[in-house]
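The values are calculated or read from the model by the stated rules, or taken from the named source; none is laboratory data. Note that the structure is a prediction, hence the values are computed from the model and not measured. Virtual Cβ from ideal backbone geometry, glycine too; neighbours counted across all protein chains shown. Side chains included, ligands, DNA and RNA excluded: accessible areas come from the protein's heavy atoms. Shrake-Rupley method; radii C 1.70, N 1.55, O 1.52, S 1.80 Å.
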Amino acid sequence: MLPSDDQLIKRAREAQKHAYAPYSEFNVGAALLTDDGQVFTGCNVENSTFGATICAERTAVFTAVCHGVRRFSKIAIVTDSEEPAWPCGICRSVLFEFTPDLEVITAGTSGKIERMRLSQLYPKGFRFTVKNE
Ligand code: THU
């Protein structure tokens, strides 16, 4: 059975516990649901160079791709902000590469949950056409 949105958010909260964010102290967790019902999670991992930092969303996507999965249906994102937070521009582009119409679910600490399609968050995104996808 596919996980509910609440279950996906819970998985993102578990991943958030592993965030390594000593510089920003902004801990993020993500849970990515694949087309075939698997869940891959990610957290942000910061680096002393700052530029090498990776967001939670990209950690989840790259983990899934490394497991041979490239088709996704939803991603849940959690932070410690009261208001739900939306993915950064780089993550929008990385998500768009694999699923331009992905459903993005974001939850803040207030309990408020918001949903939006990636096609709305990242309209007219850049993407090459890949053969034999
Ligand atoms: N961050 C994410 O993990 N996802 C986003 O979509 C926005 C930002 C992380 C990166 C960095 O570790 C911290 O949040 C502050 O930008």
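What distance in nm separates the two pseudo spin-label positions at CYS88 and ASN47, each 7 Å out from Cα along the beta-carbon direction?
Going by the 7 Å Cα→Cβ label model, 1.2 nm.
Solvent-accessible area of CYS66, probe 1.4 Å, all protein chains present, reported in Å² to the nearest ten, please.
Rounded to the nearest 10, the figure is 120 Å².
What number in nm² do you get for the chain if you take the convex hull of its Cα atoms and divide its surface by four? Provide the component values of the computation, followed by the final result.
Numbers: hull surface 32.9 nm².
Averaging across all directions leaves 8.2 nm² for the Cα convex hull.
Calculate how many DSSP beta bridges within the chain are antiparallel, expressed in % of all such bridges and rounded to the nearest 5.
Roughly 75 percent of the beta bridges in the chain run antiparallel, per DSSP.
Among LEU102, HIS18, PHE50, whose Cα sits farthest toward the positive end of the charge dipole of the stretch 5-121 (+1 at Cβ of Lys/Arg, -1 at Cβ of Asp/Glu, about the Cα centre)?
Checked the options; the winner is LEU102.
Report, ordered by chain and residue number, the lysines lying within cross-link reach of LYS17, taken as a straight Cα distance under 30 Å and ignoring same-chain residues fewer than 8 apart.
LYS74, LYS112
Along the Cα→Cβ direction, 7 angstrom out, place labels at TYR20 and ARG127. What is the inter-label distance in nm?
3.1
Run the numbers for SER81 and ILE113: contour at 0.36 nm per residue of separation, minus the present Cα-Cα distance, in nm.
10.3 nm
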